[in-house]
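The values are calculated or read from the model by the stated rules, or taken from the named source; none is laboratory data. Note that this is a predicted model, so its numbers are computed, not measured. Don't worry about glycine lacking a Cβ; one is built from the backbone with ideal geometry, like all the others, and counts go over all protein chains shown. Ligands, DNA and RNA are excluded from the accessible area calculation, which covers all protein heavy atoms including side chains. Shrake-Rupley method; radii C 1.70, N 1.55, O 1.52, S 1.80 Å.
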Amino acid sequence: MTEKISTLIDELKTLTLLEASELVKAIEETFDVDASAGGGVMMMNSGGSTSDDGEAGEEKTEFDVSLDEVPKDKKIPILKVVRSVTELGLKEAKELVENTPKVIQEGLTKAAAEETKKTLEDAGAVVTLK
């Protein structure tokens with residue numbers, strides 16, 4: 001193993017779970033790969049379009065819930081909701097709430113995504129579905 005790779009691995013060992021999750025998402029988006037293929041193998045996405053906005057005649061079946069804005073006076077109630085819907089610990093949920101916009105849940109059905117969105121909005125958050 002080269003010194004560069006060893007240094008990189010040592011840096012990766014210091015990441016929190018939330019940071020590691022964000023790293024995986026960033027790698028997936030940057031290199032258009034899917035890390036959930038299993039077996040430690042990243043698979044190239046077979047889709048022709050990389051845009052999430054374009055509905056290419058196919059109805060979307062999976063939705064991501066993005067926490068876009070947290071008003072300061074609503075931070076604690078929103079933090080409680082984020083913890084309940086994501087099952088994150090207090091520290092990780094606090095980091096997520098303080099560093100918006102962030103996707104807090106991925107791959108949900110439309111009904112589950114709408115329910116999560118409504119719960120967060122009732123607490124005062126600005127939320128979008130992607």
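With farther than 27 Å from E121 by Cβ and at pLDDT 85 or above as the only criterion, which of E28, E3, E58 stands out? Spell out the reasoning first.
Details: E28 fails: at pLDDT 85 or above; E58 fails: at pLDDT 85 or above.
Among E28, E3, E58, only E3 is farther than 27 Å from E121 by Cβ and at pLDDT 85 or above.
Take A113 and decide whether it is closer than 10 Å to F63 by Cα and surrounded by 15 or more Cβ atoms within 10 Å (Cβ to Cβ). When the stated conditions are applied, A113 passes them. Listed by position, the strands (runs of 3 or more DSSP E) inside region 57-130 whose residues that are among the acidic types (D, E) number at least 3 are 63-69. Against the numbered list (1) over 23 Å from L12 (Cα atoms); (2) open to solvent by 80 Å² or more (accessible area, probe 1.4 Å); (3) modelled with pLDDT of 85 or more; (4) under 16 Å from the mean Cα position of the chain (by Cα), E98 comes up short only at (1). Would you confirm, using the coordinates I've provided, whether E69 is surrounded by 13 or more Cβ atoms within 10 Å (Cβ to Cβ) and out of contact with any Asp or Glu (no Cβ under 7 Å at 6 or more places or on another chain)? Yes; evaluated as a whole, the condition is true for this residue. Number of residues in region 109-121 that are of a type outside the set (S, T, N, Q), in contact (Cβ under 8 Å) with a residue 12 or more places away in the chain and either in contact with a Ser or Thr (Cβ under 7 Å, 6 or more places away or on another chain) or under 19 Å from K75 (Cα atoms) (or both) equals 2.
Report yes if A125 is touching a Leu at 6+ places or on another chain (Cβ under 8 Å), among the small types (G, A, S), surrounded by 14 or more Cβ atoms within 10 Å (Cβ to Cβ) and within 24 Å of V24 (Cα to Cα), otherwise no.
Values: touching a Leu at 6+ places or on another chain (Cβ under 8 Å): yes; among the small types (G, A, S): yes; surrounded by 14 or more Cβ atoms within 10 Å (Cβ to Cβ): yes; within 24 Å of V24 (Cα to Cα): no.
For A125, the condition - touching a Leu at 6+ places or on another chain (Cβ under 8 Å), among the small types (G, A, S), surrounded by 14 or more Cβ atoms within 10 Å (Cβ to Cβ) and within 24 Å of V24 (Cα to Cα) - is not met.
Checking each residue in region 79-130 for being hydroxyl-bearing (S, T, Y) and under 17 Å from S21 (Cα atoms) picks out T86, T100.
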